[in-house]
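A.B. asks: Have a look at this one before I ask anything.
The values are calculated or read from the model by the stated rules, or taken from the named source; none is laboratory data. Bear in mind the structure is a predicted one, so any value in this text is a computation, not a measurement. Quick reminder, even Gly has a Cβ in these numbers, built from the backbone with ideal geometry, and neighbours come from all protein chains shown.
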Amino acid sequence: MAVAGSISHWTEGYGGMMPPSTQELTDVFGEMATILAEAGVDLILLEMMYLPQRIGLVAAAAIETGLPVWAGLSARSGSNGELLYFHQGQDIPFTEALEVANRPGISAIGVMHTGSPIAGSALAEIRKRFDGPTYAYPDSGTFEMPNWRFDDSLTPEKLADY
């Protein structure tokens, strides 16, 4: 059994607060990665990566620990069906986030917290650009802040169809 430590770059959600600076993010991501490594995790999972400008900061901090690092990217469909990175405020191609995550020191790249109908498309894009292991755990259910609702969860068979 392996234990993964998780780091995300999601810092928004606190109304009225200034966004953190690049230096603040670098410091915090470095501290989180160090704490996880010292706690004895076997790998670091970069969770729900969708802001290209932050992926590099998180990845660098995690890679510096010397542990295996898995990058989990999140995607959504645009109004014309194009595959976009998850951020709701900007229509930027998913491949842009993937290009930042696909770097030396990343052991696996996957898709997570992404609608099940588009997870396969996201994996296909990852496989075009990354020759290492891939993985997926798409959404099942509906997120209503601050909780998940699982009354419409996927069956294993439906997930396999996607």
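A.B. asks: For region 39-57, does any single residue satisfy the condition of being more than 15 Å from the chain's Cα centre (by Cα) and of a type in the set (Ser, Thr, Tyr)?
C.D. replies: No: zero hits.
A.B. asks: In addition: So, of the residues in region 86-103 that are under 20 Å from Ser116 (Cβ atoms) and at pLDDT below 85, which turns out to be farthest from the chain's Cα centre (by Cα)?
C.D. replies: Only one residue fits best here, namely Gln88.
A.B. asks: Now for a different question. Could you list, in sequence order, the residues of region 57-82 that are of a type in the set (Gly, Ala, Ser) and surrounded by 15 or more Cβ atoms within 10 Å (Cβ to Cβ)?
C.D. replies: Correct list: Ala59, Ala60, Ala61, Ala62, Ala71, Gly72, Ser74, Ala75, Ser77.
A.B. asks: So how many residues does region 43-76 have that are of a type in the set (Gly, Ala, Ser) and within 17 Å of Tyr137 (Cα to Cα)?
C.D. replies: 4
A.B. asks: Only one of Ser107, Ser121 is surrounded by 14 or more Cβ atoms within 10 Å (Cβ to Cβ), over 15 Å from the mean Cα position of the chain (by Cα), closer than 19 Å to Tyr50 by Cα and of a type outside the set (Phe, Trp, Tyr). Can you tell me which?
C.D. replies: Exactly one residue qualifies, and that residue is Ser121.
A.B. asks: Taking only pairs six or more apart or across chains, which ones have beta-carbon atoms under 7 Å, a first residue in region 114-133 that is of a type in the set (S, T, N, Q), and a second residue that is part of a helix (DSSP H, G or I)?
C.D. replies: Qualifying pairs under 7 Å: Thr114/Ala122; Ser116/Leu159.
A.B. asks: Restricting attention to region 130-162, which residues are surrounded by fewer than 10 Cβ atoms within 10 Å (Cβ to Cβ), assigned to a loop (DSSP other than H, G, I, E, B) and hydrophobic (A, V, I, L, M, F, W, C)?
C.D. replies: Passing the criteria: only Met145.
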